[in-house]
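S.K.: First the structure, then my questions, so here it is.
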Amino acid sequence: MNGFGRLRRVIVRQPRPEDLAAWRDYGWHREPDPAEASAEHDAFRDLLEAAGADVVVATAPTPGDPDAIYAYDPTLITDAGVIALRPGKPGRRAEPEAFVVDLGAAGVSSLGAIRPPGIAEGGDMFFLDDRTLLVGLGYRTNEAGVAQLRELLDPLGIEVHTFDLPHLRGPAECLHLMSFISPLDADLAVAFPPLMPVRLLDLLRERGVELVEVPEEEFPTMGPNVLALGPRLALALDGNPETRRRLEAHGVEVRVYQGEEISRNGDGGPTCLTRPITRG
């Protein structure tokens, strides 16, 4: 499953006040407003549905974990089933099992799971096409995790390419592969090249993928974190006007949502808030 086809079905998790109370332990910037977070998430889901997606809402509990609203990280979904990942952030280790339960109820079979000493988070990986998975190696995904991914994906004919991620501000702050790139079409992605590995830039160039470059001042506000609702149809966090202008100049239709609580406060953009189940 590529990362830019028309979004048909997606799973999300609503913010729960009792989980948001642990915001300090998870590195959120300030105390969240639970009512505002819920309202933002409701509006976000409405936008997904308006784009034609069937939205599955996860209900299996992940007590005391505000990051569980970032549904992209705990699993990797393939056409053959779901892989339960193993987050590098210890406080998120209960999420994969909970999401597998919800995905199972939605009819998604299990393909396998990442085991210790492997760690892997969804934000460090995306499908460039149906047979190519790109994975960032850093503080949240390690070689042992990638080795297990390869064992599960090789029989499916999926090739895994890995790239070392930069240190930036270290393990205390989350830098995923998708912190600086999001696919928008077979030949287009939005990205922040100054942080991108050279080998990744070379691969994209070889595959004919053009980059819409995010300006430096809009990288901290998640300019590169954009959800493809379909080819050249994007859902973005409101507030990055230059990135939006550049996307539209490349023929991308941009829809925006308000995410002060669910995105900026916890550093999770629209890709983080969703785990696509079916694209086509």
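The values are calculated or read from the model by the stated rules, or taken from the named source; none is laboratory data. Since we're looking at a predicted model, the values are computed, not measured. Glycine also receives a Cβ, built like all others from the backbone with ideal geometry; neighbour counts cover every protein chain displayed.
S.K.: Among the residues of the range 232-244, count how many are in contact with a helix residue (DSSP H, G or I) (Cβ under 7 Å, 6 or more places away or on another chain), buried (at least 17 other Cβ atoms within 10 Å of the Cβ) and more than 19 Å from Leu7 (Cα to Cα).
M.R.: Adding up the residues that qualify gives 2.
S.K.: For the range 211-247, give me each residue that is among the hydrophobic types (A, V, I, L, M, F, W, C) and part of a loop (DSSP other than H, G, I, E, B).
M.R.: Result: Val214, Phe219, Met222.
S.K.: Then there is this: When you check Met196 against the structure, is it under 20 Å from Asp67 (Cα atoms), touching a residue at least 12 places away in the same chain (Cβ under 8 Å) and not polar (S, T, N, Q), yes or no?
M.R.: No, not satisfied.
S.K.: When you go through Pro63, Pro15, Pro32 one by one, which is the residue that is in contact with a Leu (Cβ under 6 Å, 6 or more places away or on another chain), at pLDDT 95 or above and either assigned to a loop (DSSP other than H, G, I, E, B) or basic (Lys, Arg) (or both)?
M.R.: Pro32
S.K.: Hey, among Gly269, Gly259, Gly280, which residue is under 14 Å from Ala43 (Cα atoms), in contact (Cβ under 8 Å) with a residue 24 or more places away in the chain and in contact with a strand residue (DSSP E or B) (Cβ under 6 Å, 6 or more places away or on another chain)?
M.R.: Gly259
S.K.: Only one of (1) crowded, with 22+ Cβ neighbours inside 10 Å; (2) out of contact with any strand residue (DSSP E or B) (no Cβ under 9 Å at 6 or more places or on another chain) is not met by Ile119, so which one is it?
M.R.: So the condition that Ile119 fails would be (2).
S.K.: Working only within the range 47-85, note down all residues that are charged (D, E, K, R), more than 15 Å from the chain's Cα centre (by Cα) and within 25 Å of Glu18 (Cβ to Cβ).
M.R.: Passing the criteria: only Asp65.
Residue-by-condition table, conditions (1) within 20 Å of Lys89 (Cβ to Cβ); (2) touching a Phe, Trp or Tyr at 6+ places or on another chain (Cβ under 9 Å):
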position: Pro15; (1), (2): yes, no
position: Ala21; (1), (2): yes, no
position: Glu40; (1), (2): no, yes
position: Glu49; (1), (2): no, no
position: Thr62; (1), (2): yes, yes
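S.K.: May I pose another question? Let me spell it out: the conditions are (1) out of contact with any Phe, Trp or Tyr (no Cβ under 9 Å at 6 or more places or on another chain); (2) surrounded by fewer than 21 Cβ atoms within 10 Å (Cβ to Cβ); (3) assigned to a helix (DSSP H, G or I), and Gly208 meets all of them except one. Which number is the exception?
M.R.: Condition not satisfied by Gly208: (3).
S.K.: How many residues does the range 250-263 hold that are surrounded by 19 or more Cβ atoms within 10 Å (Cβ to Cβ) and closer than 24 Å to Asp25 by Cβ?
M.R.: 4
S.K.: Among the candidates Glu143, Glu173, Glu159, Glu97, single out the residue that is closer than 17 Å to Asp67 by Cβ, among the acidic types (Asp, Glu), surrounded by fewer than 19 Cβ atoms within 10 Å (Cβ to Cβ) and free of Cβ contacts under 8 Å to residues at least 60 places away in the same chain.
M.R.: Result: Glu97 is the single residue among Glu143, Glu173, Glu159, Glu97 that is closer than 17 Å to Asp67 by Cβ, among the acidic types (Asp, Glu), surrounded by fewer than 19 Cβ atoms within 10 Å (Cβ to Cβ) and free of Cβ contacts under 8 Å to residues at least 60 places away in the same chain.
S.K.: While we're here: Just to be sure, is Glu40 surrounded by fewer than 16 Cβ atoms within 10 Å (Cβ to Cβ) and of a type in the set (Asp, Glu)?
M.R.: For Glu40, the condition - surrounded by fewer than 16 Cβ atoms within 10 Å (Cβ to Cβ) and of a type in the set (Asp, Glu) - is not met.
S.K.: Let me spell it out: the conditions are (1) modelled with pLDDT of 95 or more; (2) surrounded by fewer than 19 Cβ atoms within 10 Å (Cβ to Cβ), and Leu247 meets all of them except one. Which number is the exception?
M.R.: The single condition Leu247 does not satisfy is (2).
S.K.: Quick one: which residue in Leu20, Leu7, Leu85 is of a type in the set (A, V, I, L, M, F, W, C), surrounded by 18 or more Cβ atoms within 10 Å (Cβ to Cβ) and within 20 Å of Arg255 (Cα to Cα)?
M.R.: The match here is Leu7.
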